[in-house]
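Enquirer: Okay, here's the structure, questions in a sec.
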Amino acid sequence: MTYLESLNSGLRELMEEMPQVIVFGEDLLDPYGGAFKVTRGLQRDFPQRVLTTPISEAALTGIANGMALRGLRPVLEIMFGDFLSLCMDQILNHGAKFRTMYNNTVTVPVTIRTPVGGGRGYGPTHSQCIEKLFMGIPEIRIVAPSLFCDAGRVLRHAVLDDKFVLFLEHKLLYSLDLLSAAAGLGVETVKDELGYPTALVRNYDSGYPDVTLITYGGMTRFVVSVLQRMAEEEIKVLACIPTLIKPLPFDLLRSAADRSGRVVVAEEGGLHWGWGAEIAARMQESLFGRLRAAVRRVGAVDIVIPAARTLERAVLPADTDIENAIFEVLK
Amino acid sequence: MLTDDLLWMLYRRMFQIRYVEESFLRLYDRGLIFGTVHTCIGQEVSAVAVAQALDADKDIVWSNHRGHGHYLAFTGDLKGLVSELLGKASGVCAGIGGSQHLHSGNFYSNGILGGTVPCAVGCAYAEKYKGSGGIVAVYFGDGALAEGIVYESFNIASLWELPVLFVLEDNGIAQSTPKQYEHAGEFAARGESFGIQTTRMHTGDVLTVYGASCSIVDEIRRVSRPQLLVLNTHRFAPHSKGDDTRDPKEILALRSRDPIGLHREQLRACDEERLDRLEHEVVHQIDACVAAAIVDDGLEPDQFLANSDSR
C-alpha cells in the first residue's frame, strides 16, 4: 500500500465511523479530489461532509477552530505547506491558545493536513518545509508520518487527538510503498507517551549501533539506501524515526542516542534554527559526557529553493549528506 | 414582556455594565488591575440590545478586546468577570485569560482584531450541522473591519448560508485613529457586496435596537443566512487607560447624548423612587462583588504550569 492510499483509506474510515469529522479545503470536489488526490473519492461519497472552499486559508483555519470548539473534528487540507504562513495567526493566537487561556474548559481538536517539501521543481513558494516556524508554538502538535508507519493510522490518531495538530505529508512519499520491512533491515515500532509511533530501523542484528540517525517525514525515503550502504561499510546505524516531531518523544530519542553516543539529525528544512538544533541542544543537556562526538545536523542550505533541477539539488539535503554526516561523527 | 418592564430591565443591564466599567477604571487606578482594561462606556446599548435578542441556551456570542459589556449582557456572570479582571482563581478563566480572553458557556472572546470572525463562522457551521437551532453573534469594531480575514469570513458565511449575525460596533475611532484615516467606501456596502443583508442604525435608543435585533435574529434563525448589523455608537472613555487624545469638548458633546442618560431621564419621570432603588441595588451588588473578589486568592503558579507540554 502506498503512503497516499494509506492516508486516503484512513480518512475514509474516520468519516465512516465519526459524523463529527468534516473534511474541507481547496479543490476537494471529485473527480479532481484535491491537488495531490489524498481525498479522492471522499467528496463523492460524503458530499455533505467534504467541502471544497474558497482560497481563504486564514479564514478556513479560523473556521476549523470554531468547528472544533463546538464538538466537531475538522480536518482542513492546506494545498501546499508553504501556505501555512497564511494560517499562522489562527494557529498561534487562536487554536493554540483557547484550551489553556480558557482554563481547560474547551478543546480544539483541529487537524491541518498539508503536503510539504521539495524535489519536484515547484520552486521557491511551493517546495518548503516551514514547520520550524511552528515548532516554537506551545501546545500544538506537529506530526509527520514516515514510510515506516501506517500513515492512515497516524492520521486517525491525529484527528482523535484533542490538541491542535499540524499533519505534514511529504509530497515525494505519496507514491511510495509503506515499509514495514526492507531488505536486510530490522524495523521495530514503539509508541510514545501520546500514542504516536516511533520507528526504530537498524542495519545490524546484534550489539550496539555505531551511530544513531534521527530523522522524520520525507527524509525517511533515504533511510533504506543509507542504512544498506553503511552496512556495506560495516557501520551499524540505528535510525530513530518519530512521527510526533513536536513535542518531542524525547525519552525515546535519548535512549536511541545513548546506545551509540553518536548522533546525526536530518531534516529537509533549512539547517539552522530548526528541529535538529533543538534535538542537539537537548542531547547535550541530557547526555553530556556520554556523547562520543558532537551532534551533527543535516538540513537544507538556508536560501530560497530554486526551481531548476540542478539548483534545487544543490540546496536540499540528500542521502549523501546523511552519509557524510555519519562518517563525520565517526572520525 | 410588557414594554414598561422591558424598559426597566434594559436600563438595569446597561447601568450595571456602565457601573462595572467605571469600577474597573477605579480599580486600575488603585493598582488592583494588572495589565490593561478596555471599557465600553458609551457603547452599552449594542451589548444589551443584541444579547437580549439571543437565546443564551443555544446561541453563541463571540466578542473582542472591548467585551466586558458583551459578556455581562449575555452571561450575567458578574462575579466571574470581576474576579477575572482582578486576576483571581475565582475568575471565569481563573485569571489566565484576563480582560480580553473570556469564555463561559456559549460566550467566547479574544484579543486579536478580526480573528474572532472566522471562529464565529466555524461555530455557526457546527451548530447548523448539528441542527441545534443556535445562531452566532460576533461583535467587532470599525477598526477590525480593516482586517482581511473579516472579508474572507463574510464570503464563506454567505456562500455556505450560515446563521451568523455580524455586529459591527462603529464607534468611529480605532484606538486613537479616526475612521477617515482608516477606511474608504461605505460600511453597509461591505456586507451587501457579499450578499449579506445589512441593517444600519444608531444606538441612541435601546428599545429600537432591541426590536431590530429581535427581527434580525428571528430571520437568521428561520432562513439560515448571515446578516450584518452596523451600529453607530460612541466610546466616551479612552481606548484603554489615559490614552485619549480627543478634544475633551468633543467627548462632552458625546456624553450629552448618552443613551443611558436619556433612558434614565425617561424612567426618572416615570418613577423616581423605583429608579433610585434599582441603581442602589446594582451598585451595592457590584461593590460587594468587587470587595469579595479583592480578597480572593489567585491561581497557584504550579497549578497553572502543569498545563505546559514542555517535554
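The values are calculated or read from the model by the stated rules, or taken from the named source; none is laboratory data. Computed from a prediction, not measured in an experiment: that's the story for all the values here. Cβ: placed from backbone, ideal geometry, glycine included. Neighbour counts: every protein chain shown.
Enquirer: Got at least one residue in segment A:44-58 being over 17 Å from B:SER153 (Cβ atoms) and among the hydroxyl-bearing types (Ser, Thr, Tyr)? I'd like the intermediate steps shown before the answer.
Expert: Of segment A:44-58, the ones over 17 Å from B:SER153 (Cβ atoms) are A:44-50, A:52.
If we keep only those that are among the hydroxyl-bearing types (Ser, Thr, Tyr) as well, we get A:52.
Yes, segment A:44-58 contains at least one residue that is over 17 Å from B:SER153 (Cβ atoms) and among the hydroxyl-bearing types (Ser, Thr, Tyr).
Enquirer: Please go through segment B:230-242 and give me each residue that is in a loop (DSSP other than H, G, I, E, B) and either closer than 17 Å to B:ASP59 by Cβ or within 19 Å of the chain's Cα centre (by Cα) (or both), ordered by number.
Expert: Once the filter is applied, which keeps residues that are in a loop (DSSP other than H, G, I, E, B) and either closer than 17 Å to B:ASP59 by Cβ or within 19 Å of the chain's Cα centre (by Cα) (or both), segment B:230-242 yields B:THR233, B:HIS234, B:ARG235, B:PHE236, B:ALA237, B:PRO238, B:HIS239, B:SER240, B:LYS241.
Enquirer: Within segment A:42-77, restricting attention to residues that are of a type in the set (A, V, I, L, M, F, W, C) and touching a residue at least 40 places away in the same chain (Cβ under 8 Å), which residue is surrounded by the most Cβ atoms within 10 Å (Cβ to Cβ)?
Expert: So the residue we want is A:ALA64.
Enquirer: Restricting to segment B:123-141, name every residue that is closer than 16 Å to B:ASP218 by Cβ, buried (at least 24 other Cβ atoms within 10 Å of the Cβ) and more than 10 Å from every other protein chain (Cβ to nearest Cβ).
Expert: Those that are closer than 16 Å to B:ASP218 by Cβ, buried (at least 24 other Cβ atoms within 10 Å of the Cβ) and more than 10 Å from every other protein chain (Cβ to nearest Cβ): B:ILE135, B:ALA137.
Enquirer: In addition: Yes or no: A:ALA96 farther than 19 Å from A:GLN128 by Cβ, more than 9 Å from chain B (Cβ to nearest Cβ) and among the hydrophobic types (A, V, I, L, M, F, W, C)?
Expert: yes
Enquirer: State all residues of segment A:16-33 that are free of Cβ contacts under 8 Å to residues at least 24 places away in the same chain and either within 16 Å of A:ALA158 (Cα to Cα) or in a loop (DSSP other than H, G, I, E, B) (or both); if no residue qualifies, say none.
Expert: A:GLU17, A:LEU29, A:ASP30, A:PRO31, A:TYR32, A:GLY33
Enquirer: If you scan segment B:269-311, which residues turn out to be within 14 Å of another protein chain (Cβ to nearest Cβ), in a helix (DSSP H, G or I) and more than 29 Å from the chain's Cα centre (by Cα)? Before the answer, list the steps.
Expert: Residues of segment B:269-311 that are within 14 Å of another protein chain (Cβ to nearest Cβ), as a first pass: B:298-301, B:303-311.
Now drop any that are not in a helix (DSSP H, G or I), which leaves B:301, B:303-305.
If the condition is that a residue be within 14 Å of another protein chain (Cβ to nearest Cβ), in a helix (DSSP H, G or I) and more than 29 Å from the chain's Cα centre (by Cα), then B:PRO301, B:GLN303, B:LEU305 are the ones that fit.
Enquirer: Residues in segment B:103-116 that are assigned to a helix (DSSP H, G or I) and either surrounded by fewer than 24 Cβ atoms within 10 Å (Cβ to Cβ) or facing chain A (nearest Cβ under 7 Å) (or both): how many?
Expert: Total satisfying the criteria: 0.
Enquirer: Of the conditions (1) in contact (Cβ under 8 Å) with a residue 40 or more places away in the chain; (2) in contact with a Leu (Cβ under 7 Å, 6 or more places away or on another chain); (3) in a helix (DSSP H, G or I), B:ILE33 fails just one. Which one is it?
Expert: Unmet for B:ILE33, out of (1) in contact (Cβ under 8 Å) with a residue 40 or more places away in the chain; (2) in contact with a Leu (Cβ under 7 Å, 6 or more places away or on another chain); (3) in a helix (DSSP H, G or I): (3).
Enquirer: Out of all the residues in segment B:36-58, which are farther than 19 Å from B:ASP77 by Cβ and outside any helix (DSSP H, G or I)?
Expert: B:THR36, B:ILE41, B:GLY42, B:GLN43, listed by residue number.
Enquirer: Taking A:GLY152 as the residue in question, decide whether it is more than 15 Å from A:ILE245 (Cα to Cα), in contact with a Ser or Thr (Cβ under 7 Å, 6 or more places away or on another chain) and either assigned to a loop (DSSP other than H, G, I, E, B) or not hydroxyl-bearing (Ser, Thr, Tyr) (or both).
Expert: Yes.
Enquirer: Oh, and also: State all residues of segment B:144-198 that are under 21 Å from B:GLY67 (Cβ atoms) and part of a strand (DSSP E or B); if no residue qualifies, say none.
Expert: B:VAL164, B:LEU165, B:PHE166, B:VAL167, B:LEU168, B:GLU169, B:ASP170, B:ILE173, B:ALA174, B:THR177
Enquirer: What are the residue pairs meeting all of these: first residue in segment B:294-311, first residue farther than 12 Å from A:ASN104 by Cα, second residue hydrophobic (A, V, I, L, M, F, W, C) and not in a loop (DSSP other than H, G, I, E, B), Cβ atoms under 7 Å, and 6 or more apart or on different chains?
Expert: Final answer for the pair search is B:ARG311/A:PHE250.
Enquirer: Would you pick out the residues in segment B:59-89 that are in a loop (DSSP other than H, G, I, E, B) and within 11 Å of another protein chain (Cβ to nearest Cβ)?
Expert: Once the filter is applied, which keeps residues that are in a loop (DSSP other than H, G, I, E, B) and within 11 Å of another protein chain (Cβ to nearest Cβ), segment B:59-89 yields only B:ALA89.
Enquirer: If you don't mind, there's one more thing I want to ask. Considering only residues that are touching a residue at least 60 places away in the same chain (Cβ under 8 Å), touching a helix residue (DSSP H, G or I) at 6+ places or on another chain (Cβ under 7 Å), of a type outside the set (A, V, I, L, M, F, W, C) and closer than 17 Å to B:ARG13 by Cβ, which ones fall in segment B:47-77?
Expert: B:GLN52, B:SER63, B:HIS70
Enquirer: If you take the residues of segment B:199-229 that are part of a strand (DSSP E or B) and buried (at least 21 other Cβ atoms within 10 Å of the Cβ), which of them is farthest from the chain's Cα centre (by Cα)?
Expert: So the residue we want is B:GLN227.
Enquirer: Please work out which one of (1) in contact with a strand residue (DSSP E or B) (Cβ under 9 Å, 6 or more places away or on another chain); (2) crowded, with 22+ Cβ neighbours inside 10 Å; (3) within 14 Å of chain B (Cβ to nearest Cβ) is the condition A:THR39 fails and give its number.
Expert: Just one mismatch for A:THR39, condition (3).
Enquirer: Can you say whether B:PRO226 is touching a residue at least 60 places away in the same chain (Cβ under 8 Å) and touching a strand residue (DSSP E or B) at 6+ places or on another chain (Cβ under 6 Å), as far as the supplied structure shows?
Expert: yes
Enquirer: Inspect all residues belonging to segment A:219-240 and state whether any of them is at pLDDT 95 or above and farther than 21 Å from A:VAL187 by Cβ.
Expert: no
Enquirer: OK, next. Taking interchain pairs and intrachain pairs at least six residues apart, which have beta carbon atoms under 6 angstrom, with the first residue in segment A:225-248 and within 14 Å of another protein chain (Cβ to nearest Cβ) and the second of a type in the set (Val, Ile, Thr)?
Expert: Going by the 6 Å Cβ cut-off, the qualifying pairs are A:PRO242/A:THR198; A:LEU244/A:VAL143; A:ILE245/A:ILE142; A:LYS246/A:ILE142.
Enquirer: Now for a separate question. B:ARG18 versus (1) modelled with pLDDT under 95; (2) closer than 20 Å to B:ALA288 by Cα: which is the lone unmet condition?
Expert: (1)
Enquirer: Return the residues of segment B:240-268 that are among the aliphatic types (A, V, I, L, M) and without any contact (Cβ under 8 Å) to a residue 12 or more places away in the chain; say none if nothing qualifies.
Expert: B:LEU252, B:ALA253 - these are the residues of segment B:240-268 that are among the aliphatic types (A, V, I, L, M) and without any contact (Cβ under 8 Å) to a residue 12 or more places away in the chain.
Enquirer: Looking only at segment A:206-232, which residues are within 22 Å of A:ALA294 (Cα to Cα) and among the polar types (S, T, N, Q)?
Expert: A:THR212, A:THR215
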